[in-house]
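A.B. asks: Just passing along the structure, written as structure tokens.
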Amino acid sequence: MTFKDMFSQQIKMIPLENTFKQLHEQFPDRNLQLPHSSEYVGDILKLASQKTGNSFPDKLLENRLEEELFFRSGFDTELYRHLRYLPANWHSHSFLEVVCVVEGRAVNHIQEQELHMCKGDICIIAPETVHAISAFSDDCIIINIVLRTSTFEKVFFGVLSDNDILSDFFTHTLYHSKTHPYLFFRTGGDPEVFDFVFYAYREFLRNHQYKERFLNNIVGAFFIILLRNHGSNVIVPEADSQGHDENVIFLLKYMQENYTSITLKDLADFFNYSERQIQRIIKNCTGMSFSQNVQKLKMRRAARLLTNPDLSVSAIAEELGYMDSGNFRHIFKKYYGMTPAEYREKM
């Protein structure tokens, strides 16, 4: 069966979706398309379960959803199609969720925000984030990829291991932002990206050997293509609230490429901001100041260069833009708690 054939079948409403739709039409005053607590929609969930004999709605009766409800033993990655007309109930969970809109439109309520999503949009939601999805149309198809946090960090941040400042940025956005704990990509339905979504979903429906390991690998490839094709235009909610989202990724990449020689003034002049503005943008997006980011980049690079026994400490200092190797040694020791020579000996 081709991906297209499979999703042509998925477009058809299943009995549970038809029941939710009927209940939505039967009780219009309940406004089930708006986010409510699980207590408020509990009777609707129970009624749908009774009418269809499907126990899935019973899983959603709690405000916090536990891993054991969604992950089979030995699996780190699972995929689910979001049910159309499912009441938009507020919930959170300890695992990470990737919402992929295959067709139609939906509203993703994340805390006090409304994120209007359309075909091709992808939203990565951090663990413990209170959210609710409203998908109230027959043509809406959403695939949710759920991952244990440790697996997501391994596959997603593994892609960024050579791009330190972007890794720090995504980490800060997902795990340290109290108001915007998500990343949002508008892919325009990029077939390269969504082929991996379809491929993963097909594998999820099969019962083949090595399925759990293969799913992790497919989702890892999905993140690689997503970041390769759309990492530069990810919508950054923290920055967007201040009108700087268009430049943030470019700014961070520019810092990454020029950290050995760049100054705050250089960066501010290049992006036509004041030094104060650029400091605020960087601090908001990474949790660190400009100088802290530059120093971290230099120290990580220094640690990697020290693995090469043919490079002297003085040569490494010069490559990183330090005119005085003694100053480099002092900063390195303060950062790692040992001198470059001691660090090299311990490797």
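The values are calculated or read from the model by the stated rules, or taken from the named source; none is laboratory data. Nothing here was measured: the structure is a model prediction, and the numbers come from that model. Glycine also receives a Cβ, built like all others from the backbone with ideal geometry; neighbour counts cover every protein chain displayed.
A.B. asks: Looking at the structure I just gave you, is residue 18 on the phi > 0 side of the Ramachandran plot and either of a type in the set (S, T, N, Q) or in contact with a strand residue (DSSP E or B) (Cβ under 8 Å, 6 or more places away or on another chain) (or both)?
C.D. replies: Values: on the phi > 0 side of the Ramachandran plot: no; either of a type in the set (S, T, N, Q) or in contact with a strand residue (DSSP E or B) (Cβ under 8 Å, 6 or more places away or on another chain) (or both): yes.
No: the conditions fail for residue 18.
A.B. asks: Still on this structure, I have one more. Checking the condition surrounded by fewer than 19 Cβ atoms within 10 Å (Cβ to Cβ), more than 31 Å from the chain's Cα centre (by Cα), in a helix (DSSP H, G or I) and at pLDDT 85 or above, which residue from 303, 268, 315 passes? Talk me through it step by step, then tell me what you get.
C.D. replies: Numbers: 303 fails: more than 31 Å from the chain's Cα centre (by Cα); 268 fails: more than 31 Å from the chain's Cα centre (by Cα).
Answer to the check: 315.
A.B. asks: Tell me, yes or no, whether region 52-72 has at least one residue that is of a type in the set (Val, Ile, Thr), more than 21 Å from residue 183 (Cβ to Cβ) and assigned by TED's automatic domain parsing to the domain that holds residue 31. Spell out the reasoning first.
C.D. replies: Here is the first cut: in region 52-72, the residues of a type in the set (Val, Ile, Thr) are 52.
From what is left, the residues that are more than 21 Å from residue 183 (Cβ to Cβ) are 52.
With assigned by TED's automatic domain parsing to the domain that holds residue 31 added as a condition, the list becomes 52.
Yes, because at least one residue in region 52-72 is of a type in the set (Val, Ile, Thr), more than 21 Å from residue 183 (Cβ to Cβ) and assigned by TED's automatic domain parsing to the domain that holds residue 31.
A.B. asks: Looking at (1) over 24 Å from the mean Cα position of the chain (by Cα); (2) within 30 Å of residue 199 (Cβ to Cβ), can you tell me which one residue 233 breaks?
C.D. replies: Going through the list (1) over 24 Å from the mean Cα position of the chain (by Cα); (2) within 30 Å of residue 199 (Cβ to Cβ), residue 233 breaks only (1).
A.B. asks: Taking region 128-163 only, how many residues are surrounded by 16 or more Cβ atoms within 10 Å (Cβ to Cβ), within 30 Å of residue 19 (Cα to Cα) and of a type in the set (S, T, N, Q)?
C.D. replies: Here the count works out to 3.
A.B. asks: Just to be sure I understand the filter: pairs with C-beta atoms under 6 Å, separated by 6 or more residues or on different chains, first member in region 120-140 and touching a residue at least 24 places away in the same chain (Cβ under 8 Å), second member small (Gly, Ala, Ser) and in a loop (DSSP other than H, G, I, E, B). Which pairs pass?
C.D. replies: 120/188; 120/189; 127/94; 132/88; 134/88; 137/104; 139/104; 140/104
A.B. asks: Pairs under 9 Å by beta carbon, first residue more than 13 Å from residue 13 (Cβ to Cβ) and in contact (Cβ under 8 Å) with a residue 12 or more places away in the chain in region 82-94, partner hydroxyl-bearing (Ser, Thr, Tyr) and in a loop (DSSP other than H, G, I, E, B), six or more apart or different chains?
C.D. replies: These pairs meet every condition: 89/37; 90/37; 92/129; 93/129.
A.B. asks: If you take the residues in region 318-329 that are exposed (fewer than 13 other Cβ atoms within 10 Å of the Cβ) and of a type outside the set (S, T, N, Q), which one is farthest from residue 261 (Cα to Cα)? Break it down stepwise before answering.
C.D. replies: Just the residues of region 318-329 that are exposed (fewer than 13 other Cβ atoms within 10 Å of the Cβ), to begin with: 323-324, 326-327.
Adding the requirement that they be of a type outside the set (S, T, N, Q) leaves 323-324, 326.
Numbers: 323: 11, 324: 14, 326: 18 Å.
So, considering only residues that are exposed (fewer than 13 other Cβ atoms within 10 Å of the Cβ) and of a type outside the set (S, T, N, Q), the one farthest from residue 261 (Cα to Cα) is 326.
A.B. asks: Which of the residues that make up region 111-145 are assigned to a strand (DSSP E or B), touching a helix residue (DSSP H, G or I) at 6+ places or on another chain (Cβ under 9 Å) and modelled with pLDDT of 90 or more?
C.D. replies: Of all residues in region 111-145, those assigned to a strand (DSSP E or B) come to 113-118, 121-125, 131-134, 141-145.
Now narrow it down to the ones that are touching a helix residue (DSSP H, G or I) at 6+ places or on another chain (Cβ under 9 Å): 113, 115, 122, 124-125, 141, 143, 145.
Of everything in region 111-145, those that are assigned to a strand (DSSP E or B), touching a helix residue (DSSP H, G or I) at 6+ places or on another chain (Cβ under 9 Å) and modelled with pLDDT of 90 or more turn out to be 115, 122, 124, 125, 141, 143, 145.
A.B. asks: Return the residues of region 126-159 that are within 14 Å of residue 217 (Cα to Cα) and in contact with a Cys (Cβ under 9 Å, 6 or more places away or on another chain); say none if nothing qualifies.
C.D. replies: 145, the sole residue that qualifies.
Listed here are the residues, each with its yes/no results for (1) at pLDDT 95 or above; (2) in contact with a helix residue (DSSP H, G or I) (Cβ under 8 Å, 6 or more places away or on another chain); (3) surrounded by 15 or more Cβ atoms within 10 Å (Cβ to Cβ); (4) not acidic (Asp, Glu).
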residue	(1), (2), (3), (4)
1	no, yes, no, yes
9	no, no, no, yes
14	no, no, no, yes
19	yes, yes, yes, yes
30	yes, yes, yes, yes
39	no, no, no, no
54	no, yes, yes, yes
57	no, yes, yes, yes
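A.B. asks: Which members of region 66-125 meet the condition of being among the hydroxyl-bearing types (Ser, Thr, Tyr) and at positive phi? If you could, list the steps in order and put the result at the bottom.
C.D. replies: Here is the first cut: in region 66-125, the ones among the hydroxyl-bearing types (Ser, Thr, Tyr) are 73, 77, 80, 85, 92, 94.
Answer for region 66-125, where residues must be among the hydroxyl-bearing types (Ser, Thr, Tyr) and at positive phi: just 85.
A.B. asks: Checking residue 322 against (1) more than 14 Å from residue 165 (Cβ to Cβ); (2) outside any loop (DSSP other than H, G, I, E, B); (3) in contact with a Phe, Trp or Tyr (Cβ under 8 Å, 6 or more places away or on another chain); (4) of a type outside the set (A, V, I, L, M, F, W, C), which single condition isn't satisfied?
C.D. replies: Tallying (1) more than 14 Å from residue 165 (Cβ to Cβ); (2) outside any loop (DSSP other than H, G, I, E, B); (3) in contact with a Phe, Trp or Tyr (Cβ under 8 Å, 6 or more places away or on another chain); (4) of a type outside the set (A, V, I, L, M, F, W, C), residue 322 fails exactly one: (2).
A.B. asks: In region 41-52, which residues are touching a Leu at 6+ places or on another chain (Cβ under 8 Å) and surrounded by fewer than 16 Cβ atoms within 10 Å (Cβ to Cβ)?
C.D. replies: So the first thing to find is which residues in region 41-52 are touching a Leu at 6+ places or on another chain (Cβ under 8 Å), and the list is 41-42, 44-48, 52.
Answer for region 41-52, where residues must be touching a Leu at 6+ places or on another chain (Cβ under 8 Å) and surrounded by fewer than 16 Cβ atoms within 10 Å (Cβ to Cβ): just 46.
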